[in-house]
Amino acid sequence: MAQLQVAGNKGLSDDAAAARLRHFGPNAVASRRATSVLRLIWHQFESPVVYLLSAAATLALLFGEVEEFGAIVIVLLLNATIGLITEFKAARSIEALRALGSHMARVRRAGEARLIPAVTIVPGDIVLLDAGDAVTADLRLIETSALAADESTLTGESVAVAKDITPVPLAARATDQTSMLFKGTTVTRGSGVGVVVATGLSTELGHITQLVLDAQPGSSPLEKKLSRLSTELAWTTLLIATGVGIVGLFTHPNFLLVVETAIALAVAAIPEGLPIVATLTLARGMWRMARQNALVEHLSAVETLGATTLILTDKTGTLTENRMAVRSLAVPAGPLNFDPRLDHGHTPAPPAESSQIRDLLRTAVLCNDAHLPSIADKGSGDPMEIALLRAGMGIGLIPADLLRENRIIRKYAFDPNIKMMATVHVAPPGFLVAVKGAPEAVLSAARHVATDQGLVDISDSIRAEWLSRASALGERGLRVLACATRATGSGEDSPYQNLVLIGLIGLEDPPRADVAEAIQHCQHAGIRVVMVTGDHAVTARS
């Protein structure tokens with residue numbers, strides 16, 4: 001903050017912000033200008049076949065072949081008109097979609113909180129963030145309260161990352177910089193204040209964008225084939241016309257007539273209809289794609305899509321729903337594969353072990369920071385905690401009702417050092433502590449396990465058995481949480497002692513419902529699909 005010359009309680013002055021905006025430029029990762037009509041028109045003539053036809057038209061005009069010249073010019077203009085109209089509509093549609101992506105940001109300037117366009121944020125701005133806000137620049141955090149962020153746009157990992165102001169080593173990778181928030185990510189829980197350290201193309205997201213902008217555009221398979229065909233046509237036509245001319249010189253005395261005949265033959269050999277047939281075919285494909293709600297910016301991309309034989313696909317948010325869902329429960333009575341339909345409230349709680357399952361999910365619902373008004377809503381907060389609420393609501397545990405019955409009086413935010421969080425509730429005649437966290441952390445703090453026969457002391461062998469069950473869930477590609485409780489007479493005690501283990505919960509980011517069918521269609525079309533992910537190999541394989 002000293003380097004950026006800003007005070008956290010006041011922020012930048014209006015004059016300083018304006019000066020920095022002029023110096024650093026707008027906070028945009030891609031300053032892509034609108035495609036001009038002239039550029040689109042020129043693009044229609046950027047083709048080897050068009051170059052060949054233009055040369056043929058010029059020769060036809062020079063030697064008086066006016067009809068041939070007129071026919072070629074009409075074909076070229078008709079071809080350019082079809083391509084221009086089609087690509088103009090697509091370009092304007094895509095530009096309109098980009099315009100929808102603008103955001104506002106809440107900053108502290110001249111001592112007051114203001115809502116400003118995100119593109120006007122500058123290094124040194126003090127940004128205020130709450131759950132649900134989009135992060136619009138790279139920030140160094142200076143204040144946090146139970147803050148977590150969804151960084152799947154950068155890392156592909158759907159689980160929210162806990163953030164705080166503790167410094168990290170200078171060499172830490174972006175994925176390990178827990179004191180930073182990055183442009184393009186989203187706050188899922190808590191609140192925070194950060195000072196902007198990078199905007200626009202200087203951000204982590206901007207570095208990725210710069211790689212894309214610097215990449216050389218390739219040619220589509222059709223463009224490559226037409227280019228090769230044009231070259232072959234040009235040389236073949238030139239050789240034939242030259243051969244005819246040479247033969248004519250020895251058999252006909254009129255030199256000018258022989259040359260005109262050779263030129264006419266060369267012009268006639270050029271397929272004037274080729275570009276317009278190709279353009280109409282691609283335009284029809286573009287229109288068909290538009291009816292499927294897919295915008296294609298350039299005609300040649302239609303053929304590239306049709307020629308695809310290999311698809312490399314991301315996992316999180318592409319093959320999966322980018323939301324966590326409870327898939328397995330482990331209670332003292334045994335493991336249970338949690339019916340996915342429970343997520344949507346269509347199935348009642350399983351009759352077997354229902355009391356243990358109810359206690360487990362009740363603890364997960366009580367020890368929770370997320371908000372889910374109904375089972376059909378998206379909810380707000382950490383995707384994992386939303387999944388726990390949804391699972392509880394699937395068996396009839398309504399968070400609002402539970403919190404009315406067990407009013408919360410204290411909350412201990414998730415601590416990455418001890419890997420647990422806790423809430424304290426009023427539960428006459430005393431208080432109830434609800435805890436959830438990493439299995440090894442909860443098990444080390446637990447002294448008993450709840451069974452149908454009552455509380456059983458946790459011995460080393462029992463603790464090892466539960467750790468083994470947690471490992472088994474992890475091998476299925478699930479994220480594992482342990483839940484525990486404690487009844488106490490005081491709400492001021494440390495929550496992480498003498499706990500009673502309730503059970504384990506396994507969560508996963510489920511595949512999208514239509515993914516299996518989409519991959520099947522690809523395979524039937526001869527396209528190989530490969531999943532690319534930064535997940536653990538066990539999770540990816542599962």
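The one condition from (1) β-branched (Val, Ile, Thr); (2) assigned to a loop (DSSP other than H, G, I, E, B); (3) open to solvent by 40 Å² or more (accessible area, probe 1.4 Å) that residue 159 does not meet is (3). Taking region 500-524 as the range and being hydrophobic (A, V, I, L, M, F, W, C) and open to solvent by 70 Å² or more (accessible area, probe 1.4 Å) as the test, the residues that pass are 513, 516.
If the condition is being in contact with a Leu (Cβ under 9 Å, 6 or more places away or on another chain) and either part of a strand (DSSP E or B) or within 19 Å of residue 434 (Cα to Cα) (or both), then region 352-362 contributes 356, 357, 358, 360, 361, 362. Among the residues of region 6-13, at least one is open to solvent by 90 Å² or more (accessible area, probe 1.4 Å), at negative phi and among the basic types (Lys, Arg).
Scanning region 210-237 for residues that are under 16 Å from residue 49 (Cβ atoms) and small (Gly, Ala, Ser), we see that the one that is most open to solvent (accessible area, probe 1.4 Å) is 219.
Scanning region 455-485 for residues being in contact with a His (Cβ under 9 Å, 6 or more places away or on another chain) and either farther than 19 Å from residue 388 by Cβ or acidic (Asp, Glu) (or both) gives a total of 4.
Per-residue answers, yes or no, for (1) closer than 20 Å to residue 408 by Cβ; (2) open to solvent by 70 Å² or more (accessible area, probe 1.4 Å):
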position: 437; (1), (2): yes, no
position: 451; (1), (2): no, no
position: 460; (1), (2): no, yes
position: 463; (1), (2): no, no
position: 472; (1), (2): no, no
position: 485; (1), (2): yes, no
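Out of the residues in region 328-344 that are within 18 Å of residue 384 (Cα to Cα) and surrounded by fewer than 20 Cβ atoms within 10 Å (Cβ to Cβ), which is modelled with the highest pLDDT? Going through the qualifying residues, I end up with 328. Apart from one condition, residue 370 fits all of (1) under 23 Å from residue 420 (Cβ atoms); (2) in contact with a helix residue (DSSP H, G or I) (Cβ under 7 Å, 6 or more places away or on another chain); (3) modelled with pLDDT of 85 or more; (4) hydrophobic (A, V, I, L, M, F, W, C); the exception is (3).
The residue of region 36-71 that is surrounded by the fewest Cβ atoms within 10 Å (Cβ to Cβ), among those that are β-branched (Val, Ile, Thr) and under 30 Å from residue 255 (Cβ atoms), is 66.
The values are calculated or read from the model by the stated rules, or taken from the named source; none is laboratory data. Keep in mind that what you see is a predicted model, and the values were worked out from it rather than measured. For neighbour counting, all protein chains shown are included, and Cβ atoms are generated from backbone atoms with ideal geometry for every residue, glycine included. When the accessible area is computed, the model is the full protein with side chains, heavy atoms only, and any ligands, DNA or RNA have been set aside. Shrake-Rupley method; radii C 1.70, N 1.55, O 1.52, S 1.80 Å.
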